[in-house]
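Data block below; observations after.
The values are calculated or read from the model by the stated rules, or taken from the named source; none is laboratory data. All values derive from a computational prediction rather than experimental measurement. All Cβ positions, glycine included, derive from the backbone under ideal geometry; neighbour counts span all protein chains shown. What goes into the accessible areas is simple: the full protein's heavy atoms, side chains included, and nothing from ligands, DNA or RNA. Shrake-Rupley method; radii C 1.70, N 1.55, O 1.52, S 1.80 Å.
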Amino acid sequence: MMNVDATNNNIVLSNVGMIFPGEQQVEALRDVSFTIRDKEFVSLVGPSGCGKSTLLRLVSGLIAPTTGEISVRSKTPAQAQADVDFGFVFQEPVLFPWLTALENVILPIQILGKRSPVKDQEVIAYARQLLADVELSGFEKHYPEQLSGGMKQRVAIARALIYHPPILLMDEPFGALDEFTRDRLNLLLLHVWEKIRATIIFVTHSITEALFLSDRVVMLSSRPGRVMSIVDVPFERPRTFDVRFTQEFTELTAELRHMLQLREVADDGQP
Amino acid sequence: MMANHDNVKKKSPIIHTLSEWFPAILLFLGTIVLWQILVTVLKVPRYVLPSPLNILEIIIKRGIDLVIQVGWTMLEAIMGFALGAGVAFIAASIFVHVRLIERSMLPWAIVLETVPIVAIAPLLTIWLGFGLAPKVVIAAIVCFFPVLVNTTRGLRSVAPQALELMHLLSASRWQVYFRVRLPSATPFIFSALKVASSLSVIGAIVAEFTGADRGIGYVVVSASYRLDTALLFAGITFSSLAGVVFYQIISGLERLILYWPGARLPE
Ligand SMILES: Nc1ncnc2c1ncn2[C@@H]1O[C@H](COP(=O)(O)OP(=O)(O)O)[C@@H](O)[C@H]1O
Ligand SMILES: [Mg+2]
């Protein structure tokens, strides 16, 4: 049963619901429907526990939805996973401490073996290029233990990109970093994205971050997560930090924050 | 003298190590001297407490024999260590992949662990005779449990996100095991191997107590029958040395294999 608008490279969620079974059933998501266009940068914003991580795991086929359907580039998430369509960056860098930065970046290619889209003789050069893109030239031979939190996260981004995934899923990738590092990495991510032009689904708690990075921001309500609103971000690209000091940006930030808070109050009022 | 203080950091590593150990060595020598003086002054009978010189005399006189005997014990310990750690490693690897096997076997491994080794030793001597076999088996049994528990824990220490990452790449079980689980487990494995190395020597010696005609345990037991306390002390010294040497070998191996920064678990 193929959805009409799924015959392309979009990601389409139709009435997706997720209930985690168990003694204490948890309804994480309810009736979530929206479409992410090819090469679009979309942020998911919502309170803790509203199912943002669950949504990423559903899209990438790590778990299957209880109800509804997900189509990824006209395939099921499982098929898309088999085609290695996803790069994933978590809040923790999850680098392997026994491998250098360069070796960590190359690891996915070694796992993929024959399925790798990058030719063997080009892998190292491309991995070095990616490390340069995330401003880590000169750190190829460093072990994760010798890198700062922000540097590790940049290695994780390079690792996620090494096999050219058309879709990059990022689960609060800068959530554990200090504000300055986070700002720098926001800018850096935009530069990298301009180059690779993958679809990015970016989970964050920060409305500023979401507005600065995204084409659209999907606002989720608290558990069970539902789509509260989808906001188009009007700022031109390429963006610089200056955009964050414009009146338009400030107003939009206030509006979104207001929306989240109103909804929280309304939810608390219900039995 | 005070001016030297600043130079300490610039000294070569060897000299630095020496100066680090200096207080401990001084304490050791002091104790030995005090012991010698007290035994001489108080005229303590030799069979109750021999003087350090008595012990040294025995070590010099029977040195070659003691080395041979401790060599036997080491052989038993190393063979038992290899057997016990090897079986434990394979078992842990299976446990991580097949939960059912773990749930059926782990409780019995724990039961085996709680049986005092001194109680099993005579039984194994009856079954396996007075040769190497029962000593190797006892040493293997004492090594088995720490390696099993730590290896299992190490193989499971992988972050769930790391496994999800492998899943997104459709990695095979083998790839996950060899590229992720095993390297993650090596720090845990080595911390268990160090414990097991000391335990294996103790296991072999205990086994020698219950029936043997060679090995350092045999030397100790027969010396105690003859109230040859000086020989007993020499035996104890050599047993400890055997444990220390084995431990140091494993430690050296650990430094070699765990090459990446931050790899070694705190002691
Ligand atoms: N594997 C799971 N089993 C049971 N409950 C889960 C599982 N994963 C997530 N949940 C629950 O689903 C809800 C949403 O979780 P999550 O997607 O991690 O939220 P978020 O990422 O927005 O903070 C939470 O209440 C969480 O406890
Ligand atoms: Mg989350």
- Message: I'd like the accessible area for B:MET79: 1.4 Å probe, protein heavy atoms, all chains in place, Å² to the nearest 10.
- Response: 90 Å²
- For A:SER214, A:SER222, give the ranking by accessible area with the largest first, probe 1.4 Å. A:SER222, A:SER214
- Looking at region A:120-183, which GluC sites (Glu not before Pro) are DSSP coil and have at most 16 other C-beta atoms within 10 Å of their C-beta? A:GLU135
- Would you mind telling me which residue in B:LEU256, B:LEU18, B:LEU155 has the biggest mean-square fluctuation in a Gaussian network model of chain B, where springs connect alpha carbons within a distance under 10 angstrom? B:LEU18
- For every other residue with a beta carbon closer than 10 angstrom to the beta carbon of B:TYR47, add +1 if it is Lys or Arg and -1 if Asp or Glu, then tell me the sum. +1
- Which net charge results for the neighbourhood of B:ALA185, defined as the other residues with beta-carbon distances under 14 angstrom from its beta-carbon, given Lys and Arg at +1 and Asp and Glu at -1? +4
- XL table A:LYS119/A:LYS152; A:LYS119/A:LYS195; A:LYS39/A:LYS152; A:LYS52/A:LYS119; A:LYS119/A:LYS141; Cα-Cα > 32 Å flagged, in table order, is A:LYS52/A:LYS119
- Most fluctuating of A:GLY46, A:GLY87, A:GLY175 in the GNM of chain A (C-alpha, under 10 Å) is A:GLY175
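Trypsin sites (Lys or Arg not before Pro), restricted to region A:119-163: which are DSSP loop and have at most 15 other Cβ atoms within 10 Å?
A:LYS119, A:LYS141
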- What does the charge count near A:PHE174 come to, summing +1 for each Lys or Arg and -1 for each Asp or Glu among other residues with Cβ under 13 Å from its Cβ? -3
- Accessible area drop of at least 40 Å² (1.4 Å probe, protein heavy atoms): which residues of region B:223-263 qualify, relative to the chain alone? B:TYR259, B:TRP260, B:PRO261
- Applying the Karplus parametrisation 6.51 cos²θ - 1.76 cosθ + 1.60 with θ = phi - 60° to the phi angles of region B:28-35, what ³J(HN,Hα) value in whole Hz is obtained for each residue in order, glycine and proline being reported as x? 4, 4, x, 4, 4, 4, 4, 4
- Query: How much solvent-accessible surface does A:ASP83 expose, in Å² to the nearest 10, with a 1.4 Å probe and all protein chains in place?
  - Reply: 90 Å²
- Heavy-atom accessible area of A:HIS164, protein chains in place, probe 1.4 angstrom, given in Å² to nearest 10, is 100 Å²
- So what are the ³J(HN,Hα) numbers for region B:110-124, from phi and the Karplus equation (6.51, -1.76, 1.60; θ = phi - 60°), rounded to whole Hz, Gly and Pro as x? 5, 4, 4, 4, 7, 6, x, 5, 5, 7, 7, 3, x, 4, 5
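Using the crude model of +1 on Lys and Arg Cβ and -1 on Asp and Glu Cβ, and no other charge, please compute the dipole size for the protein assembly as shown relative to its Cα centre, in debye to 20.
Numbers: 47 positive and 47 negative charges, 332 e Å.
So the dipole magnitude of the protein assembly as shown works out to roughly 1600 debye.
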- Karplus ³J(HN,Hα) for region A:214-221 (6.51 cos²θ - 1.76 cosθ + 1.60, θ = phi - 60°; Hz, whole; x = Gly/Pro) runs 8, 7, 9, 10, 9, 9, 9, 7
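Region A:13-83: which GluC sites (Glu not before Pro) are DSSP loop and have at most 11 other beta-carbon atoms within 10 angstrom?
On the way: sites: A:GLU23, A:GLU27, A:GLU40, A:GLU69; in loops: A:GLU23, A:GLU40.
Answer by residue number: A:GLU23.
Leaving ligands, DNA and RNA out of it, rank B:TRP260, B:TRP72, B:TRP108 by accessible area with a 1.4 Å probe, largest first.
B:TRP108, B:TRP72, B:TRP260
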- In Å², rounded to a whole number, the accessible area per residue of the protein assembly as shown with probe 1.4 Å is 51 Å²
- Given the options A:PRO166, A:PRO97, A:PRO224, which has the most mean-square fluctuation in a GNM of chain A, springs set between C-alpha atoms less than 10 angstrom apart? A:PRO97
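Could you state how much accessible area is buried at the B-A interface, both sides summed, with a 1.4 Å probe, in Å² to the nearest 100?
2200 Å²
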- With a 1.4 Å probe and every protein chain kept in, tell me what percent of the accessible surface of chain A is carbon plus sulfur. 52 percent
- Ranked from the most accessible area to the least, with a 1.4 Å probe and all protein chains present, what is the order of A:HIS191, A:HIS142? A:HIS191, A:HIS142
